[in-house]
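Heads up: the structure comes next, in structure tokens.
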Amino acid sequence: MDMEIIPNYHPIFVHFTIGLLSISALLYLAGSVLRKENLLIAARWNLWIGAVITVGTVIAGFDAYNSVTHDAASHAAMTDHKNWALPTAGIFVA
């Protein structure tokens with residue numbers, strides 16, 4: 001892909017992280033309420049895949065933080081984003 005169009009891959013990875021982990025939570029809820037083992041299995045798969053993708057999201061985030069051109073205000077926002085994202089990612093991976 002042309003790096004002029006996509007300066008970093010962090011936004012792409014974030015969507016997979018959010019989608020997989022959200023679906024996992026919904027499948028766990030549905031599997032528990034409906035007592036369906038197949039939904040719990042799907043929930044575990046989504047959780048594991050989401051956790052692995054989260055590691056890629058964090059790596060891509062550090063790359064973006066260190067390579068995307070930004071001003072002081074953007075840097076403050078990116079630092080705040082990083083300070084919230086790292087503990088959140090750690091919770092999901094754990």
Report summary line: From DSSP H assignment alone, runs of 4+ in the chain each adding -39500 (n - 2.57), the sum over residues rounded to the nearest 500 puts [θ] at 222 nm at -29500 deg cm²/dmol
Query - Average accessible surface area per residue within the chain, 1.4 Å rolling probe, Å² - result: 71
Report task. Using a 1.4 angstrom probe on the protein heavy atoms only, line up His70, His81, His10 by accessible area, largest first. Result -> His81, His70, His10
Report summary line: Here the gain from full extension of Ile91 to Phe16, 0.36 nm per residue of separation minus their alpha-carbon distance, amounts to 25.3 nm
Requested in this report: Please give the residues of the range 51-94, grouped as numeric ranges, whose backbone N is less than 20 Å from a label point set 7 Å along the Cα-to-Cβ vector of Ala25.
Outcome: 51-58, 81-94
Query raised in the report: In whole percent, how big is the carbon plus sulfur part of the accessible area of the chain, probe 1.4 Å, protein atoms only?
Result: 72
Report task. Mind telling me which of Ala64, Ala77, Ala25 comes out most flexible in a GNM of the chain, alpha-carbon contacts under 10 Å? Result -> Ala77
**Report entry** Long-range HN-HN contacts of Tyr9 with modeled amide H, under 5 Å
**Finding:** none
Query - trypsin sites (Lys or Arg not before Pro) restricted to the range 18-59 and DSSP loop, no more than 11 other C-beta within 10 Å - result: Arg35
Query raised in the report: Which loop-located chymotrypsin sites (Phe, Trp or Tyr not before Pro) does the range 21-94 contain, where loop means any DSSP state but H, G, I, E or B and the Cβ has at most 16 other Cβ atoms within 10 Å?
Result: none
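The values are calculated or read from the model by the stated rules, or taken from the named source; none is laboratory data. Here the structure is a predicted model, which means the values were calculated and not measured. Using ideal geometry, Cβ is built from the backbone for each residue, glycine included, and neighbour counts are taken over all protein chains shown. Calculation scope for accessible area: heavy atoms of the full protein, side chains included, ligands and nucleic acids excluded. Shrake-Rupley method; radii C 1.70, N 1.55, O 1.52, S 1.80 Å.
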